[in-house]
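The values are calculated or read from the model by the stated rules, or taken from the named source; none is laboratory data. Quantities reported herein were computed from a predicted structural model and do not represent experimental measurements. FYI the Cβ positions are ideal-geometry reconstructions off the backbone, even for glycines, and counts take in every protein chain you see. In case anyone asks, the SASA skips ligands and DNA or RNA and just uses the protein heavy atoms, side chains included. Shrake-Rupley method; radii C 1.70, N 1.55, O 1.52, S 1.80 Å.
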Amino acid sequence: MQSVTRLTLLLCAAWAAALLYGEMGAYWAARLSCSWPSSSPSSPPSPNNHVKIAVVADPQLMDSTSLGLPLSSIALQAAEFYTDLNMRRSFQSVILPFKPDVLLFLGDQFDGGPYMSNEEWHGSLSRFKHIFSMNEHITNPNIPIYYLSGNHDIGYSAFHKIHPEVITRYEKEFQSRNYQFSAGKVDFVVVDAQTLDGATESKERSSSWEFIKALSSGNKSNPKVLLTHIPLYRPNNSPCGPHRSSPVINQRVSSAAMDQGITYQNYLSKETSDLLLSLLKPVLVLSGHDHDQCTIVHPTPFGSVTEHTLGTISWQQGNLYPSFMLLSAGPKLPANSTDIEHEVLTNLCFLPKQTHIYIWYIFQFVVTILLLLLWPTNGLRSLPYVNAFVSFMRSVAAELFSRTKEKDDEEDGEYEMVWDAEGSMHLVKKAVAKTPGTSSDSRTTGRGNVVARPTARRHQLEPDSSVLVEMSSEMTSEDGGKVPRSSKLRIRRVLQRLFRVIQSIVVIAALNAPLYMMLLFKDWIDH
């Protein structure tokens, strides 16, 4: 049982290490693996005259529309809790420690935003504010936050015709769908991409294009960054760069009947994309919607424009490698400069692979059960091959020690002092008569005693025929009771083994469950 106790303590330590890394250490590692971008490897990251912007895409909070489960479902509540907790940890433990000056969300704050009732929508809004709370940002809890509208927030253009109230509800909480803000002498242009390919007579489409055309005729001195939830057009099967973890999604567009607008699209149309680039002439485009990372270079008459599509921050939205972006908006360069890399610098950062962490928990749980079930009661030495190895090592050691002893016996003996004619003394070993050995087949007779070794051995090894029994048969005790069969003994051993496994699991859970609960709720409660 001492071996089983040691195994239980070892498994307790292994679970404590796994929980500490999975619930806390992985986020520290993600924080240390990223930094603010710099213009060159030799220059320091993010100079002080740059505005530091943290960019997040597609939180897409789960709700009753995500899994088709009712609000009262325990499965839905558990999924919401662990998804919200992971995003809160990512935001509080990885993103906020970088101390950004501005926060930017690229749309899809909710999952079923257009279809939720007002009560459920405000419940999701409260969860969103709790997840991305700025209470942990001690230096400046009131930093500006900018939002884009996504298709999971307000729907596509065909939906607006039927339910215009979803736009009103969104704008009341998250500001206008089309606007502009400046950071570090760089203008960021936010557009409602869901309306750009809408019906021609749609007022939402008209207002969006009027806003864009007004900017194109305005101040052109500052570089512009275009922010759109739906990515710009790209040809099918276009490569997305080294950070892509899933197959490329090609264009798919669904339109309502009689030109009532778009019901779904993966990318903006080519005409809309070309018009946006020609009117705004951005130095950079940021988008979301795809849930995976993608970098595309768009050729234009005024030069190439890079578009970064950010992956989702949520581990439950189809991306095994959730991410966010650190962006530095620097001061305006001289008018004759064409180097745009010094104006807007970006660095894509990856968050912990939460799916891999949960898979590791499951794997470790299976290994724990198997070890507790199969581990020998007397430790590894009770296994045949281990026992044979130990016996072999013991025989080798015995052989070595026996040779040493024989050598010592030869050196031991009686010595006699002998004086020669010159008066010198010498030690001479006496001859010792060896006692004749007795063979196993002979008898040694001495005065007053007789030794009969073979006979004694035969009496020891040969049991009386009256006590010989068949091991598989049933035996009767003195009081007439029956001794259990070997099958019953096996059942008893199995039950003892199961009891031992349950006992060890209880010990492991008792030591690690409080640690797990502490790690869970330390990140969930506002400080």
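If only the Cβ of Lys and Arg carry +1 and only the Cβ of Asp and Glu carry -1, the dipole of the range 195-242 around its Cα centre is close to 220 debye.
Label-to-label distance, GLU210 versus ALA510, with points set 7 angstrom from Cα along the beta-carbon direction: 7.2 nm. Sorting 25-37, 271-283 by their mean Cβ neighbour count within 10 Å, with the most densely packed peptide first, gives 271-283, 25-37. Its residue count N sets the reference 2.2 N^0.38 Å, and the alpha-carbon radius of gyration of the range 1-128 equals 1.48 times that reference. Sorted into 10 angstrom bins from 0, the C-alpha pair distances of the range 65-120 split as 18, 41, 29, 12 percent.
With distances taken between every two different alpha-carbon atoms, the range 198-282 has a Kirkwood hydrodynamic radius of 14.9 Å.
What the Kirkwood sum gives for the range 201-346 is a hydrodynamic radius of 16.8 Å, with every pair of different alpha carbons counted.
Remark: spin-label model distance PHE499-SER73 equals 4.3 nm, labels positioned 7 Å along the Cα→Cβ axis.
Modelled label positions at PHE181 and ILE162, each set 7 Å beyond Cα in the direction of Cβ, lie 3.3 nm from each other. Sorting 59-69, 497-507 by their mean Cβ neighbour count within 10 Å, with the most densely packed peptide first, gives 59-69, 497-507. The solvent-accessible area of ILE249, taken with every protein chain present and a 1.4 Å probe, is close to 70 Å². The orientation-averaged shadow of the Cα convex hull for the range 129-258, equal to a quarter of the hull surface, comes to 11.6 nm². Averaged over its residues, the range 93-134 has an accessible area of 32 Å² per residue, based on protein heavy atoms and a 1.4 Å probe.
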